[in-house]
1. If you keep only loop residues by DSSP, which trypsin sites (Lys or Arg not before Pro) in the chain have at most 14 other Cβ atoms within 10 Å of their Cβ?
2. Using a 10 angstrom cutoff on alpha carbons, build the Gaussian network for the chain and name the most mobile of Asp71, Asp33, Asp14.
3. For Cα pairs less than 8 Å apart in space and 6+ apart in sequence, what is the mean separation divided by the residue count of the chain, i.e. the relative contact order in percent?
4. Over all directions, average the projected area of the Cα convex hull of segment 28-69 and note it in nm².
5. Given +1 on the Cβ of Lys and Arg, -1 on the Cβ of Asp and Glu, and no further charges, what dipole in debye does segment 1-61 carry about its Cα centre, rounded to the nearest 20?
6. Considering only protein heavy atoms and a 1.4 Å probe, what is the carbon-and-sulfur percentage of the accessible area of the chain?
7. Take the Cβ-Cβ distance between Asp71 and Leu47 as r, set R0 to 22 Å, and report the resulting FRET efficiency rounded to the nearest 0.05.
8. With the cut-off at 21 Å, report for the chain the share of all Cα pairs above it, as a whole percent.
Amino acid sequence: MAPRALADLEAIGDFVARENPRRAISFVGELRDRCLSLSENPERFPLAERLAGVRKISHGSYLIFYSVYPDRVTIARILHAATDYYARFPE
């Protein structure tokens with residue numbers, strides 16, 4: 001996971017924990033599991049529009065953005081679907 005994705009995951013956990021600390025732990029675990037599942041056939045999910053080489057998968061109201069390389073899958077960001085996520089990616 002890229003440093004930004006780890007920071008996203010922590011911020012998501014903090015946000016959910018404000019209302020429900022127990023759910024924050026389980027939800028972050030679900031997001032991590034979803035990221036780990038990408039190692040199995042990662043190209044089955046669509047490319048993100050306007051983000052060259054970046055794919056996306058949803059989990060609840062969140063989108064996981066990742067890139068596929070010959071030897072690995074790298075999670076770039078984990079963002080709420082209502083976010084202007086194009087603005088969150090460097091050019």
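The values are calculated or read from the model by the stated rules, or taken from the named source; none is laboratory data. As the structure is a computational prediction, the values presented were derived from the model and not from experiment. As a convention, Cβ positions derive from the backbone with ideal geometry for all residues, glycine included, and neighbour counts pool all protein chains shown. When the accessible area is computed, the model is the full protein with side chains, heavy atoms only, and any ligands, DNA or RNA have been set aside. Shrake-Rupley method; radii C 1.70, N 1.55, O 1.52, S 1.80 Å.
1. On the way: sites: Arg4, Arg18, Arg22, Arg23, Arg32, Arg34, Arg44, Arg50, Arg55, Lys56, Arg72, Arg77, Arg88; in loops: Arg50.
Answer in residue order: Arg50.
2. Taking springs between Cα atoms under 10 Å, the residue moving most is Asp71.
3. Numbers: 108 pairs, mean separation 23.7, N = 91.
It rounds to 26 percent for the chain.
4. On the way: hull surface 12.1 nm².
Mean shadow area of the hull around the Cα atoms is 3.0 nm².
5. Details: 10 positive and 9 negative charges, 16 e Å.
With only Lys, Arg, Asp and Glu charged at Cβ, the dipole is about 80 debye.
6. Within the chain, the accessible surface is 52 percent carbon and sulfur.
7. Details: r = 20 Å, r/R0 = 0.90.
Here the calculated transfer efficiency is 0.65.
8. On the way: 1112 of 4095 pairs.
The calculated P(r) of the chain puts 27 percent of pairs beyond 21 Å.
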